[in-house]
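Below you'll find the structure, written out as structure tokens, and then a few comments.
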Amino acid sequence: NAGVMQNPRHLVRRRGQEARLRCSPMKGHSHVYWYRQLPEEGLKFMVYLQKENIIDESGMPKERFSAEFPKEGPSILRIQQVVRGDSAAYFCASSPTLNTGELFFGEGSRLTVL
Amino acid sequence: AQSVTQLDSQVPVFEEAPVELRCNYSSSVSVYLFWYVQYPNQGLQLLLKYLSGSTLVKGINGFEAEFNKSQTSFHLRKPSVHISDTAEYFCAVKENSGGSNYKLTFGKGTLLTVNP
């Protein structure tokens, strides 16, 4: 059973470009979460999605950031007009239900903004 | 809202020595507690979790943690570490009921470095 798959693993963008990060959850998992990790910081919650629905996006900046989890295909975290402060590791996690506690994490997408 | 404090940002130890990584949390409701490990340039892997029951929890790779409700702590221990345990360790907390019971709150991490 494949784990949570994220791509690309590394992405370099210039200021003002767009970044798209993809996440395929584990098979059978319908809950997807995105977290951001800045240097010397823990992971910060960004958004929680179920298929076709955004449940909680309270951790996501109001502008330039958006997320989706369509009926078919991976979840996508989109950052428009990137700035240097967006440079970070973005982790996707999935879970089969809400109540098991455990989240299963992907290996992350590391965004560098030049 | 909950928060997690990992008191030590870095812990250097020698191989085969015991280690304790400290974690304290605050929350107004009952919680689940977790320790995750992150090896360089990799994702997070669950070491162990406390959901209910026995306060001493055993995890993978010989790690264990003890939930202390009165001290709101969940310290991670290993009696004898290996070079391969060098990694960053994150403590995390999650409400076990209520409207935000999907959201993990992480500490800032403790970098464990095991030296030969």
Determine whether A:S94 is at pLDDT 90 or above, open to solvent by less than 50 Å² (accessible area, probe 1.4 Å) and farther than 24 Å from B:N96 by Cβ.
no
Note on region A:25-47: residues open to solvent by less than 50 Å² (accessible area, probe 1.4 Å) and among the small types (G, A, S) are A:S30, A:G42
Selection from region A:64-114 of residues assigned to a strand (DSSP E or B) and aliphatic (A, V, I, L, M) yields A:A67, A:I76, A:L77, A:I79, A:A88, A:A89, A:A93, A:L111, A:V113
Within region A:30-38, does at least one residue satisfy the condition of being within 20 Å of A:P8 (Cβ to Cβ) and more than 13 Å from chain B (Cβ to nearest Cβ)?
no
Meets criteria (of a type outside the set (S, T, Y), in a strand (DSSP E or B), over 24 Å from B:K49 (Cβ atoms) and away from chain B (no Cβ under 13 Å)) for A:I54
no
Identify, please: which residue in region B:70-106 is free of Cβ contacts under 8 Å to residues at least 40 places away in the same chain and within 14 Å of chain A (Cβ to nearest Cβ) and is, among those, most open to solvent (accessible area, probe 1.4 Å)?
B:G99
Specify the residue that is most open to solvent (accessible area, probe 1.4 Å); the eligible residues are those in region B:11-59 that are more than 13 Å from every other protein chain (Cβ to nearest Cβ) and in contact with a Lys or Arg (Cβ under 6 Å, 6 or more places away or on another chain).
B:E20
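The values are calculated or read from the model by the stated rules, or taken from the named source; none is laboratory data. Just so you know, these numbers come straight off a predicted model, no measurement behind them. All Cβ positions, even for glycine, are placed from backbone atoms using ideal geometry, and neighbour counts span all protein chains on display. We work out accessible area using only protein heavy atoms, side chains counted, and drop any ligands, DNA or RNA first. Shrake-Rupley method; radii C 1.70, N 1.55, O 1.52, S 1.80 Å.
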